[in-house]
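Shown next, in structure tokens, is the structure this report addresses.
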Amino acid sequence: TILITGSSGQIGSELTTRLRKIYGARHVVATDIKPGGSGLEQEEGPFETLDVNDQRALHDVAGKYKVDTIIHLAALLSATAEKSPLFAWHLNMGGLINALETAKELQCQFFAPSSIGVFGPASPKDSTPQVTVQRPVTMYGINKVAGELLCDYYYARFGVDTRGLRFPGLISYLTPPGGGTTDYAVEMFFEAVRSRAYTSYIGQGTFMDMMYMPDAIDAIIALMEADPAKLVNRNAYNVSAMSFDPELLAAEIRRSIPDFRLTYQVDPVRQQIAESWPDRLDITAARQEWGFRPSYTLERMAVDMLGHVAARLPVDHSIIA
Ligand code: VAH
């Protein structure tokens with residue numbers, strides 16, 4: 001049985017649905033601090049309201065369902081964490097250590113996402129290596145570097161089978177991202193369909209790694225099912241499917257919505273975060289150690305995204321060429 005924390009978040013809501021399809025709804029326990037679940041789950045399954053900072057509650061829920069796998073997604077993302085750094089430290093680090101302690105006590109396999117946010121200005125920007133300088137300048141990045149080291153420690157010291165992925169910006173049509181820096185890419189798709197115009201808070205020429213949510217979900221499953229003997233970099237693998245700036249994304253959207261207009265109103269805080277991150281990751285280790293291969297390119301993602309967004313928004317669908 002799998003326990004997911006943060007199951008109503010951007011990754012959690014799609015991962016819960018997918019895992020219930022694969023392993024059976026009753027084998028996937030969704031938990032979130034928000035009561036009642038995301039409402040997106042197609043298959044009903046167990047849900048528990050859970051604050052990951054309450055270790056006793058976390059341990060009790062995990063024991064109640066006899067879980068053997070913990071997927072710990074509950075956290076604050078980069079922009080939100082910069083607004084409340086102390087709260088972010090306590091939630092991101094307190095939640096993680098509680099989840100790791102529970103995994104240790106119940107001998108669970110463990111997954112926690114890391115991020116391109118672990119890299120900072122001193123890291124190589126292009127083809128950022130799997131192993132390189134990690135001196136992030138954001139509270140979120142600090143949390144993710146500490147998180148990677150903690151997960152490696154629980155593996156080396158206590159034998160907890162911890163695995164992680166350094167996610168790029170994730171793009172999905174089901175659940176809006178919550179408080180990230182890469183969220184502009186998701187917003188651009190929705191605004192393109194809604195109003196055929198978008199004002200980007202990230203500046204022209206600011207490249208970041210990105211990936212479509214289906215590829216992110218596939219990567220989590222592939223990593224968790226990978227042969228442990230082959231895993232060297234465990235916490236956490238560079239993964240990415242594409243790299244673009246607002247201009248490139250807008251050009252792709254214009255293939256379907258020719259009169260789409262992009263303007264800029266740069267948000268200095270999120271622009272500074274974005275500029276501290278890599279432009280393009282090297283994903284060799286993930287490919288070599290567990291066969292990571294994303295299937296959505298920017299072109300293919302844009303067509304799929306626009307189709308789904310149009311289907312969800314009350315607009316006349318003829319605007320999609
Ligand atoms: C964020 N979407 O923007 C998250 C992610 C790499 C970006 O960590 O904070």
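Overview of values
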quantity: Count of residues meeting criterion [open to solvent by less than 30 Å² (accessible area, probe 1.4 Å) and assigned to a loop (DSSP other than H, G, I, E, B)] in region 130-142; calculated: 3
quantity: Members of region 158-185 found to be in contact with a Phe, Trp or Tyr (Cβ under 9 Å, 6 or more places away or on another chain), more than 7 Å from the ligand (Cβ to nearest atom) and hydrophobic (A, V, I, L, M, F, W, C), listed by number; calculated: Val160, Leu165, Ile171, Ala185
quantity: Condition met for Ala216 (free of Cβ contacts under 8 Å to residues at least 24 places away in the same chain and either open to solvent by 30 Å² or more (accessible area, probe 1.4 Å) or part of a helix (DSSP H, G or I) (or both)); calculated: no
quantity: Residues (in contact with a helix residue (DSSP H, G or I) (Cβ under 7 Å, 6 or more places away or on another chain), outside any loop (DSSP other than H, G, I, E, B) and surrounded by fewer than 16 Cβ atoms within 10 Å (Cβ to Cβ)) located in region 227-241; calculated: Lys230
quantity: Top-ranked residue in region 189-202 [being more than 14 Å from Val303 (Cα to Cα) and open to solvent by less than 10 Å² (accessible area, probe 1.4 Å); ranked as nearest to the ligand (Cβ to nearest atom)]; calculated: Ile202
quantity: Some residue of region 153-161 being surrounded by 15 or more Cβ atoms within 10 Å (Cβ to Cβ) and basic (Lys, Arg); calculated: no
quantity: Residues of region 80-125 that turn out to be basic (Lys, Arg) and closer than 20 Å to Gln10 by Cα, as a count; calculated: 1
quantity: Residues within region 109-125 that are over 21 Å from the mean Cα position of the chain (by Cα) and of a type in the set (A, V, I, L, M, F, W, C), tallied; calculated: 1
quantity: Residue count for region 9-55, restricted to those that are in a loop (DSSP other than H, G, I, E, B), in contact (Cβ under 8 Å) with a residue 60 or more places away in the chain and within 20 Å of Pro113 (Cα to Cα); calculated: 2
quantity: Candidate set from region 56-91 (those that are in a helix (DSSP H, G or I) and of a type in the set (Lys, Arg)); member that is least open to solvent (accessible area, probe 1.4 Å); calculated: Lys64
quantity: Residue pairs meeting the criteria (Cβ under 7 Å; at least 6 apart or on separate chains; first open to solvent by 60 Å² or more (accessible area, probe 1.4 Å), in region 242-265; second among the β-branched types (Val, Ile, Thr)); calculated: Thr263/Thr199; Tyr264/Thr199; Gln265/Thr199
quantity: Candidates Val186, Val145, filtered to the one that is open to solvent by less than 60 Å² (accessible area, probe 1.4 Å), outside any loop (DSSP other than H, G, I, E, B) and closer than 17 Å to Pro278 by Cβ; calculated: Val145
quantity: Criterion violated by Ile22 - all others in (1) more than 17 Å from Leu58 (Cα to Cα); (2) open to solvent by less than 30 Å² (accessible area, probe 1.4 Å) satisfied; calculated: (2)
quantity: Some residue of region 120-127 being within 18 Å of Leu170 (Cβ to Cβ), touching a Pro at 6+ places or on another chain (Cβ under 8 Å), outside any helix (DSSP H, G or I) and among the polar types (S, T, N, Q); calculated: no
quantity: In region 100-150, the residues that are under 18 Å from Gln55 (Cα atoms) and within 16 Å of the ligand (Cβ to nearest atom); calculated: Phe111, Ala112, Gly147
quantity: Filter result (of a type in the set (A, V, I, L, M, F, W, C) and outside any helix (DSSP H, G or I)) within region 189-213; calculated: Ala197, Ile202, Phe207, Met208, Met210, Met211
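Listed here are the residues, each with its yes/no results for (1) at pLDDT 95 or above; (2) within 13 Å of the ligand (Cβ to nearest atom); (3) within 20 Å of Val303 (Cβ to Cβ).
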{"site": "Ala216", "(1), (2), (3)": "yes, yes, yes"}
{"site": "Val232", "(1), (2), (3)": "yes, no, no"}
{"site": "Asn235", "(1), (2), (3)": "yes, no, no"}
{"site": "Pro246", "(1), (2), (3)": "yes, no, yes"}
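The values are calculated or read from the model by the stated rules, or taken from the named source; none is laboratory data. Here the structure is a predicted model, which means the values were calculated and not measured. Methodologically, a virtual Cβ is constructed for each residue, glycine included, from the backbone with ideal geometry; neighbour enumeration extends over all protein chains shown. Protein only, heavy atoms only, side chains kept; ligands, DNA and RNA dropped before computing areas. Shrake-Rupley method; radii C 1.70, N 1.55, O 1.52, S 1.80 Å.
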